[in-house]
1. Enumerate the helices (runs of 4 or more DSSP H) found wholly within region 8-99, keeping only those where 2 or more residues are among the charged types (D, E, K, R).
2. Do we have His103 as part of a loop (DSSP other than H, G, I, E, B), within 15 Å of the chain's Cα centre (by Cα) and closer than 21 Å to Ser13 by Cα here?
3. Here is a list: Asn53, Asn57. Which entry is of a type outside the set (A, V, I, L, M, F, W, C), surrounded by fewer than 16 Cβ atoms within 10 Å (Cβ to Cβ) and in contact with a strand residue (DSSP E or B) (Cβ under 8 Å, 6 or more places away or on another chain)?
4. Give the residues of region 62-100 that are under 25 Å from Gly50 (Cα atoms) and touching a His at 6+ places or on another chain (Cβ under 9 Å), sorted by residue number.
5. Which of the following residues is touching a residue at least 40 places away in the same chain (Cβ under 8 Å) and touching a Phe, Trp or Tyr at 6+ places or on another chain (Cβ under 9 Å): Asp97, Asp9?
6. Scan region 82-95 and give yes if some residue there is surrounded by fewer than 16 Cβ atoms within 10 Å (Cβ to Cβ) and farther than 30 Å from Ser118 by Cα, otherwise no.
7. Going by what's in this entry, would Val23 be described as surrounded by 11 or more Cβ atoms within 10 Å (Cβ to Cβ), in contact with a Leu (Cβ under 9 Å, 6 or more places away or on another chain) and of a type in the set (Val, Ile, Thr)?
Amino acid sequence: MKIQESAQDYLESILILSKHGDVRATDICNYFGYARATVSVFLKQLRENGYVNVDGNNHITLTETGLQIAESMYERHQFLTDLFIKIGVPEDIAAADACRVEHYVSEETFKAMREHFS
């Protein structure tokens, strides 16, 4: 399934934030440094496309589809960050570069990289 890079980032952020408890829009605002209005508009799109649910207490959870995408992006991010660090890239640059690369590397290339370097 092909979705926008920004949607992938939002889903990944919800996964990361959920490891620390309930996720609300304000948590996502703080995570990215975005305005509440920006996050609200994007959350509405994610909800309408079936990637997230928002309950009566405004807690945001990933749907099964959203979770699959988020876990895939998170795995790619972690693997690529670790790989870049191992080859000598400073941690902050490695994490930033991994965030960009994770969206563009094909599944086939990522699988080959993971098998080769793991």
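A short reminder: the numbers here are calculations on the coordinates, not readings from a lab. These numbers come from a predicted model, not from an experiment. For neighbour counting, all protein chains shown are included, and Cβ atoms are generated from backbone atoms with ideal geometry for every residue, glycine included.
1. Working: elements: 25-32, 36-48, 64-86.
Here the list reads 36-48, 64-86.
2. Taking the combined requirement at face value, the residue satisfies it.
3. Numbers: Asn57 fails: in contact with a strand residue (DSSP E or B) (Cβ under 8 Å, 6 or more places away or on another chain).
Within the list Asn53, Asn57, the selection yields Asn53.
4. Restricting attention to region 62-100, the residues satisfying the condition of being under 25 Å from Gly50 (Cα atoms) are 62-77, 99-100.
Those that are under 25 Å from Gly50 (Cα atoms) and touching a His at 6+ places or on another chain (Cβ under 9 Å): Met73, Arg76, Cys99.
5. Working: Asp97 fails: touching a residue at least 40 places away in the same chain (Cβ under 8 Å).
Criteria check complete, one pass: Asp9.
6. So far as region 82-95 goes, no, none of its residues is surrounded by fewer than 16 Cβ atoms within 10 Å (Cβ to Cβ) and farther than 30 Å from Ser118 by Cα.
7. Details: surrounded by 11 or more Cβ atoms within 10 Å (Cβ to Cβ): yes; in contact with a Leu (Cβ under 9 Å, 6 or more places away or on another chain): yes; of a type in the set (Val, Ile, Thr): yes.
In short, yes.
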